[in-house]
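Chemist: The structure that follows is given in the form of structure tokens.
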Amino acid sequence: MDLRRRLWFLLPILLSAALLIELQLSTAATAPENLVFQVRSKFAGKREKDLGALRAHDVHRHSRLLSAIDLPLGGDSQPESIGLYFAKIGLGTPSRDFHVQVDTGSDILWVNCAGCIRCPRKSDLVELTPYDADASSTAKSVSCSDNFCSYVNQRSECHSGSTCQYVILYGDGSSTNGYLVRDVVHLDLVTGNRQTGSTNGTIIFGCGSKQSGQLGESQAAVDGIMGFGQSNSSFISQLASQGKVKRSFAHCLDNNNGGGIFAIGEVVSPKVKTTPMLSKSAHYSVNLNAIEVGNSVLQLSSDAFDSGDDKGVIIDSGTTLVYLPDAVYNPLMNQILASHQELTLHTVQDSFTCFHYIDKLDRFPTVTFQFDKSVSLAVYPREYLFQVREDTWCFGWQNGGLQTKGGASLTILGDMALSNKLVVYDIENQVIGWTNHNCSGGIQVKDEETGAIYTVGAHNLSWSSSLAITKLLTLVSFLIPFFCNIAL
């Protein structure tokens, strides 16, 4: 089935985010459905001594960048307090819960399996659950002759009749490999305004049999990763190929009150202005034309945002900060600080530019990014500055650090720039759009089968663990892996 075709009869799927996601999809249903997830964050309460973990997380996950479900979220998008996000999904018959990181930069769902070599056995975050295909009455292995196998197995030999293998490599040397399984996935269906029911369906995912590097470490480990990339093997593409959802999703990350929404499907309100995705990019990338600081336009070279095949700017909710090439970062910071020459700057953990400050943040200028089709994205001082002590603030802008395999610097707009906005990723029409929005007020989505409009509200979950989360985290993608022969 051509995953690029429009599925006009689909229901939207809403995902509101706290990093514990519950997925449930229907195999018997004849039309797409609305589903519910719960999501929680990996990090909370980070202060100055932990800032390095934020940048390390972003560098680690960007070794490669690549109908409505409602997901309750936990955490917030403040750089001093957030990190990774993970969700809880149900797999198998009977259903068992698995905690997976949600990643818009990768293209396959995988979980650690029973008997896995070097898989973490315990975690500071959750109780880990290895998937056991023998314990599920609906589990089936995926053979090399299955069309899906060609999406994920592009290098190793795969003979007809054999089980399809997968390998995913990460830029820090970590890797996961195993075999593909087809089984039931369980989700909570959105049936009306703030109402849900149960549904289920089938999905193909990786059963991890061996991990290496950081994926084998126990600290802050989860059960796997769920890819929301554009390829045919991603979670959203599989749902779309079954007529369950449209290949479109959106998030709204509340940086004021905590919480937010993550939705798959057609958002009808609020409306957003869209800009085209770059067709040759493996990521969710768009063309950036200019940057304004207050009323001044930065004087930048025409190729300032080119990085080989990865031209343009990557929009990625899985990244915490904003990463800019030196040729952009330096004039940006100079212009912001031009009216604050009284500040004494100091560097924290070799990456963060910080200063002592007790005045109002609105004395700093708004930074506005200008894209094709006259689409602009404003980042306000309360979003690009974060407080690490009562009288100390730091900039979320980062220079360099995330690069392609060829050494070119990537330009990435992460949560810091995306918060307090509804951001829509329309894969079917190859556009991305956004608008300023009070994320705590909810959004409206359309049921394509009945034409009904449902309101989906924001969530603000907390959990009673040693890492107690008191605010909602923005839903994120995670590592941005690359499949074997595909790298930045």
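The values are calculated or read from the model by the stated rules, or taken from the named source; none is laboratory data. Owing to the predicted nature of the structure, the values given are computational and were not obtained by experimental measurement. We place every Cβ from the backbone using ideal geometry, glycine too, and count neighbours over all the protein chains shown. What goes into the accessible areas is simple: the full protein's heavy atoms, side chains included, and nothing from ligands, DNA or RNA. Shrake-Rupley method; radii C 1.70, N 1.55, O 1.52, S 1.80 Å.
Chemist: Among (1) part of a strand (DSSP E or B); (2) at positive phi, there is one condition Thr435 misses while meeting the rest; what is its number?
Modeler: All conditions pass for Thr435, except number (2).
Chemist: Can you tell me which residue within the stretch 370-388, out of those that are surrounded by fewer than 20 Cβ atoms within 10 Å (Cβ to Cβ) and aliphatic (A, V, I, L, M), is modelled with the highest pLDDT?
Modeler: Among those residues, the one meeting the criterion is Ala378.
Chemist: On to the next question. Here are Leu343, Leu337: which of them is closer than 21 Å to Leu51 by Cβ and exposed (fewer than 15 other Cβ atoms within 10 Å of the Cβ)?
Modeler: Exactly one residue qualifies, and that residue is Leu343.
Chemist: If you take the residues in the stretch 222-240 that are open to solvent by 10 Å² or more (accessible area, probe 1.4 Å) and not hydroxyl-bearing (Ser, Thr, Tyr), which one is nearest to Glu127 (Cα to Cα)?
Modeler: Taking the candidates together, the pick is Val222.
Chemist: Does the stretch 169-184 contain at least one residue that is within 22 Å of the chain's Cα centre (by Cα), part of a strand (DSSP E or B) and modelled with pLDDT under 85?
Modeler: yes
Chemist: Check off (1) more than 24 Å from Trp393 (Cα to Cα); (2) modelled with pLDDT of 85 or more; (3) among the aromatic types (Phe, Trp, Tyr) for Phe262 and give me the number that stays unchecked.
Modeler: (2)
Chemist: Related question: Looking at the stretch 133-147, can you tell me whether even one residue there is polar (S, T, N, Q), open to solvent by less than 20 Å² (accessible area, probe 1.4 Å) and either within 26 Å of Arg55 (Cα to Cα) or out of contact with any Cys (no Cβ under 7 Å at 6 or more places or on another chain) (or both)?
Modeler: There is at least one residue in the stretch 133-147 that is polar (S, T, N, Q), open to solvent by less than 20 Å² (accessible area, probe 1.4 Å) and either within 26 Å of Arg55 (Cα to Cα) or out of contact with any Cys (no Cβ under 7 Å at 6 or more places or on another chain) (or both).
Chemist: Which condition from (1) closer than 25 Å to Trp434 by Cα; (2) in contact with a strand residue (DSSP E or B) (Cβ under 6 Å, 6 or more places away or on another chain); (3) open to solvent by less than 10 Å² (accessible area, probe 1.4 Å); (4) modelled with pLDDT under 95 is the one that Pro325 breaks?
Modeler: Single failed check for Pro325: (3).
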